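Inspection log for the structure reproduced underneath, given as structure tokens.
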């Protein structure tokens, strides 16, 4: 079947009004949505006000969910909000207040996993009166715009992703040995190819901290250049949320970030599900191999990252060597 899709950007993104995700999709509808995801990378479904149970059921049609547990919600639902479990707006002394800032950086969901996810489905529940948009960048268009020399350079490049790298970009640099073990880097190819469209794309994220075989400073400089290139205005779409919106995107073809809003006074609540990937994109680091932050030669003992569920402990110098990327 063919879907009625209205493009939202010259390069990517489409709005669909004739699919109700609260109902089971027919086989031809499911196939059409998947092919549209291949083509558009981001799909906006309007008027989809749904329960968490409907959200989970709709998502499972596209694959198994990454298991997440949020109190009071079905397994698979991640709540993205600026309120605590009592419905009160988070203050600056709350760990989640600082964790939420990571969503303001350009990222791709789950790249810190060895098998990274395919789709994410984000549903609006409570929206602020203004701002709080989500911005997307289309990686096939960014890849196409690279010069031939850079395309050849990145073709077989493998990079390392970790949540710690993203937190370092926020200025946090004091992580316990347990946190370092829990967030050991995952390796991924920098260039992916869509098997349906055959288009190549850059698999980028602020989770990237190093390029395999490169020095850490050279890695950071090169990746920062790619991030700046890939997030130029011509490759980006800003989604202004409406009540009932559900936005679905392909993590293998896009990056995204949340935009600022008056988070000290206005409530913003969205619920997300994420679909598991099928296989790693690259061979992982050998067991016991030192990670870049153990050999970088830069020590930071300030700005401990709050709210991570691992015990606080004093770190020895060799396990506390972090390189904070320039921003």
Please compute the length gained on full extension between residue 71 and residue 156, using 0.36 nm multiplied by the number of residues separating them and subtracting their Cα-Cα distance. 26.4 nm
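For a quick check: sort 17, 89 by the number of other beta carbons within 10 angstrom, fewest at the front.
Taking fewest neighbouring Cβ atoms as first place, the list is 17, 89.
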Helix-only [θ] at 222 nm, the chain, -39500 (n - 2.57) per DSSP H run of 4+, per residue, nearest 500, equals -6000 deg cm²/dmol
Normalised by the empirical 2.2 N^0.38 Å for globular proteins, what value does the Cα Rg of segment 1-84 take? 1.20
What number, in percent, do you get for the relative contact order of the chain if the mean sequence gap of Cα pairs under 8 Å and at least 6 apart is divided by its residue count? 30
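Take the alpha carbon gyration tensor of segment 119-184, find the square roots of its eigenvalues, order them as a ≥ b ≥ c, and report rounded if a/c is under 1.5; if not, report prolate when a/b exceeds b/c, else oblate.
The shape class here is oblate.
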Ranked on Cβ counts within 10 Å of their own Cβ, fewest leading, 268, 189 go 189, 268
Just to confirm the number: angle between the C-alpha axis of helix 216-230 and the first principal axis of the chain, 0 to 90 degrees, nearest 10? 20
Report the label-to-label distance for residue 28 and residue 195 in nanometres (one decimal), using points 7 Å from each Cα along the Cα→Cβ vector. 2.4
What whole number of Å gives the distance from the Cα centroid of segment 219-294 to the Cα centroid of segment 12-71? 19
For 78, 134, 254, 150, which order do you get if you count the other beta carbons within 10 Å of each Cβ and list the fewest first? 150, 78, 134, 254
What relative contact order, as a whole-number percentage, does segment 139-286 give when Cα pairs under 8 Å and 6 or more residues apart are counted? 31
Please compute the modelled spin-label separation between residue 130 and residue 177, points set 7 Å along Cα→Cβ, answer in nm with one decimal. 5.2
Between the modelled labels at residue 147 and residue 6 (7 Å from Cα along Cα→Cβ) the distance in nm is 4.1
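Quick note: the coordinates plus some simple rules give every number you see, no bench work behind them. Keep in mind that what you see is a predicted model, and the values were worked out from it rather than measured. When we count neighbours, we look across all protein chains shown, and the Cβ atoms used for this are built from the backbone with ideal geometry, even at glycine.
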